[in-house]
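Just so you know, all these numbers are worked out from the coordinates, no wet-lab data involved. The shown structure was predicted, so the numbers you read here are calculated from the model rather than taken from an experiment. Please note: Cβ atoms are built from the backbone with ideal geometry, for glycine as well, and neighbour counts cover all protein chains shown.
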Amino acid sequence: ALKAPPAAISTLETEAPVLDGSFKETPWPRKAQVDGFINPETEEFAEAQTTVRVCHTSDALYIAVYAREPRMSTMASAMPDRDAPLWQEESFAVVLQPTGKPEYRFVVNPLGTQFDSRDGNEEWNGEWSVATKTWPVGWSAEIEIPFASLGADPGKDDWEIDFVRTRRNVENERSVWVYSGDGTKVRGL
């Protein structure tokens, strides 16, 4: 698959989005800023694409996800407990690292179950919120990650960020936004 180098700009918003899984509020950008997920095993675009919108307030980073799924009736998502191994079923992960800070991983499944880690430490539990919703041909999530949970200054730090989608149904597929593995700087935070 050929695509432009991954890049996303997070705009500063005065109003925080309402976390309800619909991302219809004004703060969300109208167009998806992150798309073109690639299956690293086949080096082709993922069969079921995922799109992401990003914005932030002075206090938190917001991420809206729409995960397309043409086979909703076979989607496997059953883990209800926090910090369960969500990557073993249908899930979406945000991996981010502010410059000079630890790497953070936030994972959510369609049930709204959360997993998080800091530098691989799964015992760490950050303060963050999520709302999910299912649709006829996919599912969505809205994620709020307060900057205080990350110990990062949104005005001074560049951020490496990647997004990973895991599909579990009759089609098992893992797709990533940043295929090269070198991360993407999210500027303007």
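How many Lys pairs in the chain lie less than 22 angstrom apart by Cα atoms, where the lysines are 8 or more positions apart or on different chains?
Within the chain, the lysine pair count is 8.
Computed FRET efficiency, Cβ-Cβ of residue 59 and residue 9, R0 22 Å: what is it to the nearest 0.05?
So the FRET efficiency works out to roughly 0.75.
Quickly work out the residue 172-to-residue 45 label distance, labels modelled 7 Å from Cα along the C-beta direction, and quote it in nm with one decimal.
For the pair residue 45/residue 172, the computed spacing is 2.6 nm.
Using only the Cα atoms of segment 52-94, what semi-axes does the equivalent ellipsoid have when each is the square root of 5 times a gyration tensor eigenvalue? Give whole Å, largest first.
25, 16, 7
Run the helix sum for the chain: -39,500 (n - 2.57) per DSSP H stretch of 4+ residues, divided by residue count, reported at 222 nm to the nearest 500 deg cm²/dmol.
My calculation for the chain gives -500 deg cm²/dmol from helical runs alone.
Can you give me the distance in nm between label points at residue 76 and residue 122, each placed 7 Å from the Cα along the Cα-to-Cβ direction?
Modelled inter-label distance: 1.7 nm.
Per residue and in Å³, how big is the convex hull formed by the alpha-carbon atoms of the chain?
Dividing the Cα hull volume of the chain by its residue count gives 109 Å³.
Nothing charged except the Cβ atoms of Lys and Arg (+1) and of Asp and Glu (-1): what's the magnitude of the dipole of the chain about its Cα centre? Round to the nearest 20 debye.
540
Dimensions of segment 72-173 along principal axes (Cα, Å, largest first)?
Sorted largest first, the three principal extents are 45, 25, 22 Å.
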